[in-house]
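Here's the structure, in structure tokens; my notes come after.
Derivation of every value follows stated rules applied to the coordinates shown; laboratory data play no part. Source: prediction; values computed, not measured. Neighbour counts run over all protein chains shown; Cβ positions are idealised from the backbone, glycine included.
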Amino acid sequence: MKKDVFIVVFLSVLLCLSSASADVILPGEHAVKYSFEITNINSYPDYVFFYFIMGPGDDSFFKVERISEVNEPSFYKFSTAKAYMIKSNLFNDNIIPNTAGIIDLNFSFNSQVSYVGDENPLIKVRDVFEIVQTIDSFKLEPKKVIYYYNDGTSEEKIIQNGKKSEPSRNLTLAYVMIYFLIPIIALLALVYLLIRRKNEK
Amino acid sequence: MKSRIIILFSLFLSLFLAGLVSANPVGVYPSWALSPIFAFFVALVLTIVFEFIVYIIGIRKYGVGKLLLYSLVINCLTMPLANFFAYLLKIGSSSYSLLYFIIIELVVVGIESVLLCLLTKRAYWKMLIISFIANLITATIGLFLIVLF
């Protein structure tokens, strides 16, 4: 008896497979894309707004992209972008981070926000900013966030005190039915069975 | 008979442990499923069937039809809720996925054993063992379906 159990356990341990952790989206999940908008960018025609795409893993940049009013960045998910601005006459397509006159907007972002389960209808998040002039520089002030869902609807949330509200929808209707309707029906059936069982005495 | 049950239990315990070591995160659906919802219903049916088989083996002198009904109702209650909590706890992408998975399974075992005890009017500790074995088997099968496919 003990020998049988030992053999079973031993064979089972041999069956252990090492898991492959691939750099892919897992089945059952989808990426939530990131997008940002700068509403008053056209109010600064003397400046060029752009971002450097950095990494992954280090601060070496490999690409410069210009920023327009609405931006849907698309780059490797493990890279990060940092936004800057510079006077138009100082900008060129080969600009590097140490260029004189470059203004750091203190805004970093990724091309994807996160991965969520397929039961989550969220597909895109858009941060809306406004350029604000400080005493000696500029900064991007977050104004609102827009959440886009897979049924074509969207939801705007105003950012107050720097805090971003979460999207109010995170389950599709089908999953709401699965997660709640089926158990409710089962619970009613259970109550009925228990009452009937009690009356059978 | 008892030794066969013990061997079966040991096999599934070992496979379960192996599955935990090797499995992709729980909550994803295997590639053969057409969609997550399809996969959910396949998993629900398999859970009902396999737990029903364990009920038949473990609960003597009880109507087969009633045991099938109990398996159907109990798993329709616990499985969607377990999936919901797995979703809330982000099992699959959280660092504590394994811990959360085990906690959820233990809670499910507890709830199912209580319900079985109330429905069958058998001793609670026997229903606890049956529920534990039934959920061990279904969790193991689930993990391996994900790993193999």
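For the segment A:185-196, counting C-beta atoms of other chains within 10 Å of every residue's C-beta and taking the mean gives 4. Annotation: for a label point projected 7 angstrom from Cα along Cα→Cβ of residue A:99, residues of segment A:31-47 with backbone N closer than 15 Å are A:46-47. Near the amide H of residue A:144, within less than 5 Å, lie the amide hydrogens of A:128, A:159, all on another chain or at least 5 residues away, with H placed in the peptide plane.
Listed here are the pairs A:124/A:164; A:143/A:163; A:124/A:157; A:87/A:124; A:139/A:164; A:77/A:157; which of them are more than 20 Å apart at the Cα? With Cα atoms farther than 20 Å apart: A:87/A:124; A:77/A:157. So what does log10 I(q)/I(0) come out to for segment A:29-173 at q = 0.10, 0.11, 0.12, 0.19 Å⁻¹, using the Debye formula with one equal point on every Cα and no solvent? Log10 of I(q)/I(0), two decimals: -0.38, -0.46, -0.54, -1.18. Per-residue 3J(HN,Hα) values for segment B:139-144, derived from phi via the Karplus relation 6.51 cos²θ - 1.76 cosθ + 1.60 with θ = phi - 60°, read 5, 5, 4, x, 4, 6 Hz in sequence order (x marks Gly and Pro). Compared with the rule-of-thumb size 2.2 N^0.38 Å for a compact globular protein, segment A:91-144 has a Cα radius of gyration ratio of 1.61. Each residue of segment A:95-106 is assigned a 3J(HN,Hα), and the resulting list reads 4, 10, x, 8, 4, 5, x, 6, 10, 7, 8, 6 Hz, derived from the Karplus form 6.51 cos²θ - 1.76 cosθ + 1.60 (θ = phi - 60°), x at Gly and Pro.
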